[in-house]
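S.K.: One structure is given below, represented as structure tokens, and several questions about it will come after.
What follows is calculated from the coordinates using simple rules that are stated; it is not laboratory data. It should be emphasised that the depicted structure is a prediction, and the values quoted were computed from it without experimental measurement. Glycine gets a Cβ as well: all are built from the backbone with ideal geometry, and neighbour counts include every protein chain shown.
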Amino acid sequence: MCCSLFCLDPRPRTAKIAPLLCALLFAWMAFRLPAETPWSTVGPAGGDARAFAAEPGQPDHIYLGTTSSWIYESTDGGASWQRLAKLDGSEDLVVDNIVVDSSSSAIVYAAAWKLGDSGGGLWVSRDGGGSWEELKGLHGQSIRAFVQAPSNPRIFYAGTLQGVFRSDDSGATWKQISPPGSGEIHEVESLAVDPRDPQIVYAGTWHLPWKTLDGGAHWHSIKKGLIVDSDIFSIIIDPVHPREVFLSACSGIYKSESAGELFHKIQGIPNEARRTRVIVQDPGNRKIVYAGTTEGLYKTLDGGRTFRRMTGADVVVNDVYIDPRDTQHVLLATDRGGVLSSANAAASFAASNTGFSERKVEALLVDRHDSSRLYAGVVNDKEYGGAFVSNNGGAAWDHIGDGLDGLDVYALAQAPDGTIVAGTSQGVYALQDGSAGGGNGDPSPVWTRRNTIANTIVKAAVETLHGKRIDIEKRVKEKPHQLDGRVSGLDLSGDVWIAAGADGLFTSRDKGATWQGGPVMGAGDYLSVTAHGQVFAAARPNGVVRSRDGGQSWYPMQIPLMLTRIHRVAFSTDGTLWLGAREGVFFTRDLGKTWQWIQRLPFRDIDDLWYDAELNKVLVSSRASDQIFSIDPKTLDWKWWQTGYDIALIRVSGQRIVAASLYDGVLLEPLAAGAETSKR
């Protein structure tokens, strides 16, 4: 008999759920949240940085927008950053425009759009970013451009996917000033307002620029001189000579000396860098213009006649900030690399990401020999990503991407001899030395590919023996080939290594030198694998398989009918198999003959499930929740913590929980987190 659980009917082939009334069912109304103790984000530093805005007259006070709804703040000119506020509960707002009100620096506006969605909106803070409220006039609008009129601080313009909007009352109310339903003035990516006349507005769309002289009553095309259908990413107007207008487009940079009536293309930026996302004029010398492109930062000293690239081609520049007090001080907001800082007018740059972590961590590992050494695998960061290591519990991180060639890392595991193995978007890679560099001048470790598949197969053949042709079967070696698919799960705890991925299940008996395997039960797309001696279990979204002979043969495992998506499997020390799925946490003590369901947890969409042998606890988390649960596998009592971040992964470093959030990097449990306890 089970209590505080639903027991599952042990019938053949597929287990069914049978409800069982129990006196100790969890009472949701009695569930109470613990006192909130902030968890700390510790890196790895970097990620996507989108937009800068500085407080007028206080150039050291800078705001920074991100792709995850967060706004950061620096009070030391970008040398370090701290999280300031999150605009709403979502994780996918791209904060591309921040404006500090020129009439009151306590008022800050943030305009955003949603990734993969047509939504977005406008938020305002009236206390310097401490608290924010959405301005309902643009609710749901995907805002790609947002500006304040230089000559009238009450007038604002917003460019959205629908068109151009205007407010005459500091954002309280809005009206569309481009023709509603226009086939031309929509998908507005950039805006600029004449420095003397707030009625003169330039609007750049995804298909050429437009201009109004009367606040939007009439518009006319200003495409003369432009390559047809150029996306207009940025427009700037010379503050002293407003007839001089620069705009950047997917086809390069253009300049007009006739207030936009005629443009000519500026030479010097190669075609491969033609997606120029932002152009910024030096406030101390208007002939100096910086152009941020998808292939690096360019700079002109002569008003645009010639340009020179100042960074490597791998730098994708989203915004440029020039310190008005010291124009040698230049900051770049970049994709993947975070913030880059220069003290010599862009002659050289260095990362300036202390406190800024927007990494998407998909793999997390605590060194089995030194719990203060942490490894993190990230995705979407190309040459800036791959893997990172911290040798001091997350206080500082070193990039260890050599050899990964910018691949995404989805799994990390460690063998008993210290070898670190990464499951990537293209197979398996290994670090032979588990020390992974200490950041003290040690040479950076290099990952080596471990993707050779050398299967032995049974092949039917016809041979002539003693003059007779007979059918025989014999074992032969396949021609070696490479494991190139995504690897999402690894277990290196025993003599046989196991890898689970898009191409199936693979085992290695020579420490990854060669692998054997492929699709199992006719399927690939395996997400998780776990070992208990010679007994293995592996999960794909709609099923679990097991092996009793170290992966030489696999068989389907009975699972509850109610399961619709499985994410993780893990063995505890006593051989109990734990399963995390959309429907919650399940376990079996007899390899699937019977299952039990822990139905009292406050959430059920389990994304990560991990067994920690030292603590003898099963840790579970959900990407849809900021809570973490620790379950005692014997008593089924559980403790829980509230982190303040949606959690993707959880591990244990010594006596301290380490977690990875969806977009905020690695988190550390406070030294006194005060977990709540629940009896079963």
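S.K.: What nm distance separates the two modelled labels at residue 637 and residue 152, each placed 7 Å from Cα along Cα→Cβ?
M.R.: Result: 6.9 nm between the two label points.
S.K.: Tell me which GluC sites (Glu not before Pro) from region 193-288 have a DSSP coil assignment and no more than 16 other beta carbons within 10 Å of their own.
M.R.: 257, 261
S.K.: Let me ask something additional. Under 14 Å from the Cβ of residue 196, count the other residues' Cβ atoms, weight Lys and Arg +1, Asp and Glu -1, and hand me the total.
M.R.: Overall, the nearby charge balance is -3.
S.K.: Project the alpha carbons of region 485-592 onto their principal axes and report the range along each, largest first, in whole Å.
M.R.: The Cα atoms of region 485-592 stretch 39, 30, 19 Å along the principal axes, largest first.
S.K.: What whole-number distance in Å separates the alpha-carbon centres of region 308-340 and region 488-556?
M.R.: Value for the Cα centre distance between the two parts: 45 Å.
S.K.: Still on this structure, please answer the following. Give me the net charge for the shell around residue 406: Cβ to Cβ below 12 angstrom, other residues only, Lys and Arg +1, Asp and Glu -1.
M.R.: Value of the local net charge: -4.
S.K.: Multiplying the sequence separation of residue 302 and residue 40 by 0.36 nm and subtracting their Cα-Cα distance, what value in nm do you get?
M.R.: 89.7 nm
S.K.: Figure the gain on full extension for residue 479 and residue 589 (residue separation times 0.36 nm, minus the Cα-Cα span) and round it to one decimal in nm.
M.R.: So the extension gain works out to 35.6 nm.
S.K.: Right, next: Based on other C-beta atoms within 10 Å, arrange 348, 230, 105 from fewest to most.
M.R.: The order, fewest Cβ neighbours first, is 348, 105, 230.
S.K.: Taking only C-alpha pairs under 8 Å that are 6+ residues apart, what is the relative contact order of region 521-657 in percent?
M.R.: That works out to 14 percent.
S.K.: Rounding to the nearest 20 debye, state how big the charge dipole of the chain is about its Cα centre with +1 on each Lys and Arg Cβ and -1 on each Asp and Glu Cβ.
M.R.: Here the chain has a charge dipole of around 1940 debye.
S.K.: If each residue's Cβ is checked for other Cβ atoms within 10 Å, how do 236, 559 rank with the fewest at the top?
M.R.: Least crowded to most crowded, the residues run 236, 559.
S.K.: Still on this structure, I have one more. Below 8 Å, C-alpha to C-alpha, sequence gap of six or more: please give me the relative contact order for region 487-543 in percent.
M.R.: 31 percent
S.K.: P(r) for the chain: what percent of alpha-carbon pairs falls in each 10 Å bin, starting at zero?
M.R.: Calculated P(r), rounded to whole percents: 3, 14, 21, 21, 17, 13, 8, 3, 1, 0, 0.
S.K.: Would you work out the relative contact order for the chain, in percent, from Cα pairs under 8 angstrom that are 6 or more residues apart?
M.R.: Over the chain, the number comes to 10 percent.
S.K.: Then there is this: Order these by the 10 Å Cβ neighbour count, fewest first: 399, 220.
M.R.: The order, fewest Cβ neighbours first, is 220, 399.
S.K.: Another question, then. Report for the chain the percent antiparallel among DSSP-assigned beta bridges with both residues inside it, nearest 5.
M.R.: Counting DSSP beta bridges with both partners in the chain, the antiparallel share is about 95 percent.
S.K.: Please give the Cα centre distance for region 233-290 versus region 363-430, rounded to the nearest Å.
M.R.: Cα centres, region 233-290 to region 363-430: 42 Å.
S.K.: Still on this structure, I have one more. Along the charge dipole of the chain, which of 543, 210, 613 sits closest to the positive end, that is, farthest toward it, with unit charges on the beta carbon of Lys, Arg, Asp and Glu (+1, +1, -1, -1)?
M.R.: 543
S.K.: What distance in nm lies between label points placed 7 Å from Cα along the C-beta direction at residue 502 and residue 395?
M.R.: Between residue 502 and residue 395, the label points sit 4.0 nm apart.
S.K.: Another question, if that's okay. Count charges around residue 184 for me, please; just the other residues with Cβ under 15 Å from its Cβ, Lys/Arg as +1, Asp/Glu as -1.
M.R.: With Lys, Arg at +1 and Asp, Glu at -1, the net is -2.
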